[in-house]
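Here the structure is laid out as structure tokens; the discussion comes afterwards.
Where a number appears in this text, it was derived from the coordinates with a stated rule and is not lab data. All values reported here derive from a predicted model rather than from experimental measurement. Every residue, glycine among them, receives a Cβ derived from its backbone with ideal geometry; neighbour counts consider all protein chains shown.
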């Protein structure tokens, strides 16, 4: 699945997602990641179905406007605790399949939104 052309050379646009691989710039990732316009880092999460607010601590400190969580093939419903704590910090959060999360991340980045995606491959 080819995605979006890169708007700004410093932005981390997701070029492609297929076969449990995420392609960003010239790099490819076969493990779970967090990605923003400025960085890509490994996301150490053992089971997306058991996600808790602490699993997002490393990215909350960047004060994103919105966090997109790509949950693999199927979307999951997050715990209300996660939604409540993030909304208390004025951070939106959306859970969706990883393919949809990649597309949504690129769209929001193109709109100059402060977005971070957590992606399960």
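Can you give the helix-only mean residue ellipticity at 222 nm for the chain, where every DSSP H stretch with n ≥ 4 adds -39500 (n - 2.57) and the sum goes over all residues, rounded to the nearest 500 deg cm²/dmol?
Working: 3 runs with 26 residues, N = 121.
One gets -6000 deg cm²/dmol as the mean residue ellipticity at 222 nm.
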Using per-residue counts of other Cβ atoms within 10 Å, averaged over each peptide, order 81-89, 26-34 from highest down.
26-34, 81-89
In percent, what relative contact order does the chain have, based on Cα pairs under 8 Å that are 6 or more apart in sequence?
30 percent
Antiparallel versus total DSSP beta bridges in segment 14-119: what percent is that, nearest 5?
55 percent
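Full extension from residue 90 to residue 21: what is 0.36 nm times the residue separation minus their Cα-Cα distance, to one decimal in nm? Before the final figure, lay out each step's value.
Working: separation 69, 0.36 × 69 = 24.84 nm, distance 3.12 nm.
Gain in length upon complete extension: 21.7 nm.
If r is the Cβ-Cβ distance from residue 80 to residue 107 and R0 is 25 Å, what FRET efficiency results, to the nearest 0.05?
Numbers: r = 27 Å, r/R0 = 1.06.
So, using R0 = 25 Å, E works out to roughly 0.40.
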